[in-house]
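The values are calculated or read from the model by the stated rules, or taken from the named source; none is laboratory data. Because the structure is a prediction, the values reported are computed rather than measured. Here Cβ is always computed from backbone atoms with ideal geometry, including for glycine, and neighbour counts include all displayed protein chains.
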């Protein structure tokens, strides 16, 4: 023991190695303001930081729970499952990546579609699961999206898509690029049937998802601070060789440039969706 | 124009250099070596055929980007007549990376739209290396609307590394411009034939490639991301581009088997850049054969078929929900 350690009173001596373990997940740190938050508070606040209103990413099913009425909802397209059409292999085979993603998320691909109601207003919602291979759009995402659109048309319901995606899924090659054309063409049918199509762009919405149906909605909304764009910031930086301006490609930047209609706080999203849909459909407001 | 050779073509280049040398010698020589030259020419052709018969996807990607490859304006000269270029998107600017306008195909009026790359440094910059900004896609859409109004078929030519990833492009809504085209092209009430003539680079290519028939030149590529881009994501190194090209399935032959391309247009021996005229002839024949049945359809049938084609994209399986 060195002389200084001898001098210190026993109370403030650091106990080496036997640190008290903190139960996992009880506390979380806001990635934006770094405030230490009680997880339950964050949960009760729809994963929005109570201190700085930073919107944390949330899972697709959690999102659907927040938006849809609890009763009378059912899933569409859950039977559609991925295949490895290209026999794609980099450091790992594509089926292995799929299996690992399924294991981690409990989902079978990156889009969850549900028919239900928002404050009694019937609706079909498609929600991207970013945790599943970066929310990338491959054949299954495209097909589930289309089945959702078809269900909306059959039931004469509006269609809402909540995006969170890095873009097209590389492991399906050109098949995934074609999903951009497929999903966007499906959306054009909604307009023919005079059914509202609304998009909610959340962090992040990039590449192939951004550059297909995301901006052709009747109303395009975004969550505060969401990163939204065609090319990723790193790619742009490498191309133009200059630092990007502060707030570039954030929801607020897009609003300023006229690319989106509005920025909506997650905690008001359900109310605002119900309001916009009834306004578009010319039906009475819901309480 | 002297052919410039790619790395894998070096054996051909050496042979051609030798032929060139002999021709030079021949001029002031009493001995007749024309037989020898002829022999070497045959050999060079055979060698070219041999090399091109087994190109790897990465080598094909290089042919697709060959600096002497015919571009949209070359086809406008050799396949179409009476081209009247129409410029500008009517709200911001004229994008030089996309050209378009009215023309005649076999005497019939049509609208032609295509990516345009530049040959020398100055023109490359002028054309932004064939990478369009939103105004390019908006110009394309405007021209398609004109085509629809006058019931003119649309021919598009795809040859881009991708939509321009720049600050200004993002500010003016690159995503929206591409998405809007996909949306409108799905229901455009005239026949659309798209041909990938060089590089089909991702969303920037697709934005003018939603069509009733998709053709692809033999040594063109079409992919969701460039081989370099794919490699830098998967292996964190652009050097693995050749492996990426292999696994992504970017060639005409592969995409034909996947059902994503309707017809592969054969190129002259040694690639389209060796013989622009022969290439144009082969393309004109293919375009004619593809457009003929399309123009026989009623507009409603055409739109219905296009919609079915779009909805049919994708490979998946159906299984009981767990």
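Matching residues to (1) under 27 Å from residue B:216 (Cα atoms); (2) in a helix (DSSP H, G or I):
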{"position": "B:8", "(1), (2)": "yes, yes"}
{"position": "B:37", "(1), (2)": "no, yes"}
{"position": "B:48", "(1), (2)": "yes, yes"}
{"position": "B:51", "(1), (2)": "yes, yes"}
{"position": "B:70", "(1), (2)": "yes, no"}
{"position": "B:77", "(1), (2)": "yes, yes"}
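Residues in the range A:223-235 that are in contact (Cβ under 8 Å) with a residue 12 or more places away in the chain and outside any strand (DSSP E or B): how many?
Result for the range A:223-235: 8.
Kindly indicate the residue of the range B:224-233 that is surrounded by 19 or more Cβ atoms within 10 Å (Cβ to Cβ) and at the interface with another protein chain (Cβ under 10 Å from one of its Cβ atoms) and also farthest from residue B:64 (Cα to Cα) among those meeting that condition.
Looking at residues that are surrounded by 19 or more Cβ atoms within 10 Å (Cβ to Cβ) and at the interface with another protein chain (Cβ under 10 Å from one of its Cβ atoms), I get B:232.
Only one of B:194, B:211, B:207 is without any contact (Cβ under 8 Å) to a residue 40 or more places away in the chain, more than 7 Å from every other protein chain (Cβ to nearest Cβ), surrounded by 24 or more Cβ atoms within 10 Å (Cβ to Cβ) and under 21 Å from residue B:73 (Cα atoms); which?
Criteria check complete, one pass: B:194.
Run residue B:125 past the list (1) more than 30 Å from residue A:260 (Cβ to Cβ); (2) in contact (Cβ under 8 Å) with a residue 60 or more places away in the chain; (3) outside any strand (DSSP E or B) and report the number of the one that doesn't hold.
(2)
Return the residues of the range A:74-96 that are surrounded by fewer than 18 Cβ atoms within 10 Å (Cβ to Cβ) and either under 25 Å from residue A:156 (Cα atoms) or within 11 Å of chain B (Cβ to nearest Cβ) (or both); say none if nothing qualifies.
A:74, A:75, A:79, A:83, A:84, A:87, A:89, A:91, A:92, A:93
So residue A:233 fits all but one of (1) facing another protein chain (nearest Cβ under 9 Å); (2) in contact with a strand residue (DSSP E or B) (Cβ under 9 Å, 6 or more places away or on another chain); (3) within 30 Å of residue B:125 (Cβ to Cβ); what number is the exception?
Going through (1) facing another protein chain (nearest Cβ under 9 Å); (2) in contact with a strand residue (DSSP E or B) (Cβ under 9 Å, 6 or more places away or on another chain); (3) within 30 Å of residue B:125 (Cβ to Cβ) one by one, residue A:233 breaks only (1).
Could you list, in sequence order, the residues of the range B:189-216 that are within 22 Å of residue B:148 (Cβ to Cβ) and part of a strand (DSSP E or B)?
Scanning the range B:189-216 gives B:192, B:193, B:194, B:195, B:213, B:214, B:215.
Give just the number: which of (1) at the interface with another protein chain (Cβ under 9 Å from one of its Cβ atoms); (2) touching a strand residue (DSSP E or B) at 6+ places or on another chain (Cβ under 7 Å); (3) modelled with pLDDT under 95 does residue A:249 not satisfy?
Failed condition: (3).
Scan the range B:118-137 residue by residue and report those that are buried (at least 24 other Cβ atoms within 10 Å of the Cβ) and closer than 17 Å to residue B:197 by Cα.
B:130, B:132 - these are the residues of the range B:118-137 that are buried (at least 24 other Cβ atoms within 10 Å of the Cβ) and closer than 17 Å to residue B:197 by Cα.
Residues that are under 23 Å from residue A:163 (Cβ atoms), within 14 Å of chain A (Cβ to nearest Cβ), crowded, with 24+ Cβ neighbours inside 10 Å and without any contact (Cβ under 8 Å) to a residue 40 or more places away in the chain: does the range B:153-167 have at least one?
No: the range B:153-167 contains no residue that is under 23 Å from residue A:163 (Cβ atoms), within 14 Å of chain A (Cβ to nearest Cβ), crowded, with 24+ Cβ neighbours inside 10 Å and without any contact (Cβ under 8 Å) to a residue 40 or more places away in the chain.
Let me spell it out: the conditions are (1) within 14 Å of chain B (Cβ to nearest Cβ); (2) touching a residue at least 24 places away in the same chain (Cβ under 8 Å), and residue A:269 meets all of them except one. Which number is the exception?
(1)
Find the helices (runs of 4 or more DSSP H) located wholly in the range B:249-322 whose residues include 3 or more that are within 14 Å of chain A (Cβ to nearest Cβ), and list them.
It comes to B:252-257, B:299-311.
Does residue B:275 satisfy the condition of being in contact with a strand residue (DSSP E or B) (Cβ under 6 Å, 6 or more places away or on another chain) and modelled with pLDDT of 95 or more?
For residue B:275, the condition - in contact with a strand residue (DSSP E or B) (Cβ under 6 Å, 6 or more places away or on another chain) and modelled with pLDDT of 95 or more - is not met.
Can you name the residue in the range A:32-57 that is closer than 18 Å to residue A:131 by Cβ and free of Cβ contacts under 8 Å to residues at least 40 places away in the same chain and, of all such residues, is surrounded by the fewest Cβ atoms within 10 Å (Cβ to Cβ)?
Across the range A:32-57, the extreme among qualifying residues is A:43.
Right, residue A:117: at pLDDT 95 or above, surrounded by 13 or more Cβ atoms within 10 Å (Cβ to Cβ) and more than 30 Å from residue A:283 (Cβ to Cβ) or not?
Considered against the rule, which asks whether it is at pLDDT 95 or above, surrounded by 13 or more Cβ atoms within 10 Å (Cβ to Cβ) and more than 30 Å from residue A:283 (Cβ to Cβ), residue A:117 comes out as no.
Residue A:66: more than 30 Å from residue B:248 (Cα to Cα) and in contact with a helix residue (DSSP H, G or I) (Cβ under 7 Å, 6 or more places away or on another chain), yes or no?
Here the answer is yes, as residue A:66 does meet what is asked.
Does residue B:104 satisfy being at pLDDT 95 or above and surrounded by 17 or more Cβ atoms within 10 Å (Cβ to Cβ)?
The answer is no for residue B:104.
When you go through B:249, B:259, B:271 one by one, which is the residue that is on the phi > 0 side of the Ramachandran plot and surrounded by fewer than 20 Cβ atoms within 10 Å (Cβ to Cβ)?
Exactly one residue qualifies, and that residue is B:259.
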